[in-house]
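Structure record follows, encoded as structure tokens.
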């Protein structure tokens, strides 16, 4: 069986054994992949509040009790070992990457899992909307905008967006399609004029890779889960752990279960 | 100007001065009315987690910082005085009703506001779906079901539902219409066979009033915000304050702003 079509549980077992350490894009298609944030219980209420106040960039899939590592959306999984790559921040500064964070976690850490735009990309393709980052086999382009999230306690962040270029008619269809995926960022937050949201050079994303924008295409922008990382590290907490970009947690949930309730 | 068409701010001022102490049903039409829960900061994370885990009965509109009483969704309002009637619980037991809770709140209380099905009732009417409780000028029928919410920390509750009877074709339309209102309970959770969700006698609601069900109609059930009250008092906390049923907080938000994002 090709690795690309492994079931989530088998993929997580490979990852746990150190046999898959690269991005999870395109793996276990049809299953929900999630952004991870772990931070101390003392600030968990304020962070959860930040996420509730900013649901488009921070669509909560699961929040674990302090010191618990097995998410409801993936029974048997362990968030300390089952992501291919993690980032560790101390006092708001990036410290190191790790393949396993068992040595970095304490029992006071609370784990948050957030929806990811991977969940709607296959729905876009099915609807005839191009996904340029898949066509060009690279990471989606992400930008820090001039829009600010609603703060909560010590947490604040600009809104980060992901961008997919397409024709105007396709943008209309993309809005319809992604509206249903309200637990994985939902409808776009902006389209066209990238200057209006503070993006000066569309060819220089702040995260991920640049992609080709054809002359008859406009950029379409969705709220992006990287916002949760920026918010988490904004509070200069002693320790914050996140997934490494593109190295997501692969859950047992089907993408389709995250559409409208 | 008739009281029914007062703008939310004017209505809240009347309430604050003690000049409106009855239910808010039908007042300030088109504006979002909200369920209120106030509980101690020490349990606020667990309660917020309960709500996030059970979004259909607990659609969060606003959560205030501890000791803050002015919600973002109604600048200038004061949650201690601007609801017509409150219920005060101590150690999990109902203690008394009050028209003003200024004497009962401490600075460690966190206030939660939740969406309410009032927001979609006018959309149902516009779509030609009858709303029997409006026709019969009574409170909507509410029932405790045999479905349990996902617990969090010390909080647990059965799922409470509200019921509106309608023809089968109207139920299809009602599902479409309320799907858009995903921040005010969204689509129904059940229809027909009330036994299946543990309701033995549809004519004896646990809260609210019974309504007429015509021979060609089925009961359609939506998750109900009363669930948030049952969950809040389930933890036997020293003090919990909620609105009194039907006596909601009237915000400045328009119902339409709470549809799909």
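A few points about this structure:
- Which listed residue, of A:215, A:205, A:238, A:245, is at pLDDT below 95, over 30 Å from residue B:174 (Cα atoms) and either out of contact with any helix residue (DSSP H, G or I) (no Cβ under 9 Å at 6 or more places or on another chain) or away from chain B (no Cβ under 14 Å) (or both): A:245
- Counted residues, region B:182-202 - those being more than 14 Å from chain A (Cβ to nearest Cβ) and either in contact with a helix residue (DSSP H, G or I) (Cβ under 7 Å, 6 or more places away or on another chain) or assigned to a loop (DSSP other than H, G, I, E, B) (or both): 9
- Counted residues, region A:203-231 - those being without any contact (Cβ under 8 Å) to a residue 60 or more places away in the chain and part of a helix (DSSP H, G or I): 0
- Considering residues of region B:146-176 that are away from chain A (no Cβ under 11 Å), touching a residue at least 60 places away in the same chain (Cβ under 8 Å) and not in a loop (DSSP other than H, G, I, E, B) only, the residue nearest to residue A:64 (Cα to Cα): B:155
- Which listed residue is in contact (Cβ under 8 Å) with a residue 40 or more places away in the chain, closer than 15 Å to residue B:230 by Cα and outside the structural domain of residue B:156 (by TED's automatic domain parsing), from B:50, B:45: B:50
- Residue match in region B:113-122 (condition: more than 14 Å from chain A (Cβ to nearest Cβ), farther than 20 Å from residue B:249 by Cβ and in contact (Cβ under 8 Å) with a residue 12 or more places away in the chain): no
- Residues located in region A:56-99, provided they are free of Cβ contacts under 8 Å to residues at least 24 places away in the same chain and either part of a loop (DSSP other than H, G, I, E, B) or crowded, with 23+ Cβ neighbours inside 10 Å (or both): A:70, A:72
- Looking across region B:104-116, the residues that are assigned to a loop (DSSP other than H, G, I, E, B) and closer than 16 Å to residue B:66 by Cα come down to B:104, B:105, B:106, B:107, B:108.
- Any chance residue B:248 is assigned by TED's automatic domain parsing to the domain that holds residue B:133 and buried (at least 17 other Cβ atoms within 10 Å of the Cβ): no
- Scan of region B:248-257 for residues that are in contact with a helix residue (DSSP H, G or I) (Cβ under 6 Å, 6 or more places away or on another chain) and assigned to a helix (DSSP H, G or I), ordered by number: B:255
- Residues of region A:218-228 satisfying the condition of being farther than 22 Å from residue A:255 by Cβ and either within 14 Å of another protein chain (Cβ to nearest Cβ) or out of contact with any helix residue (DSSP H, G or I) (no Cβ under 7 Å at 6 or more places or on another chain) (or both): A:219
- Flag if residue B:179 is within 14 Å of chain A (Cβ to nearest Cβ), over 30 Å from residue B:101 (Cα atoms), out of contact with any helix residue (DSSP H, G or I) (no Cβ under 8 Å at 6 or more places or on another chain) and modelled with pLDDT under 95: yes
- Taking the conditions (1) assigned to a loop (DSSP other than H, G, I, E, B); (2) surrounded by 16 or more Cβ atoms within 10 Å (Cβ to Cβ); (3) touching a helix residue (DSSP H, G or I) at 6+ places or on another chain (Cβ under 9 Å) in turn, residue B:52 satisfies each one other than (1).
The values are calculated or read from the model by the stated rules, or taken from the named source; none is laboratory data. Worth saying up front: this structure is predicted, and the values here are computed from it rather than measured. Please note: Cβ atoms are built from the backbone with ideal geometry, for glycine as well, and neighbour counts cover all protein chains shown.
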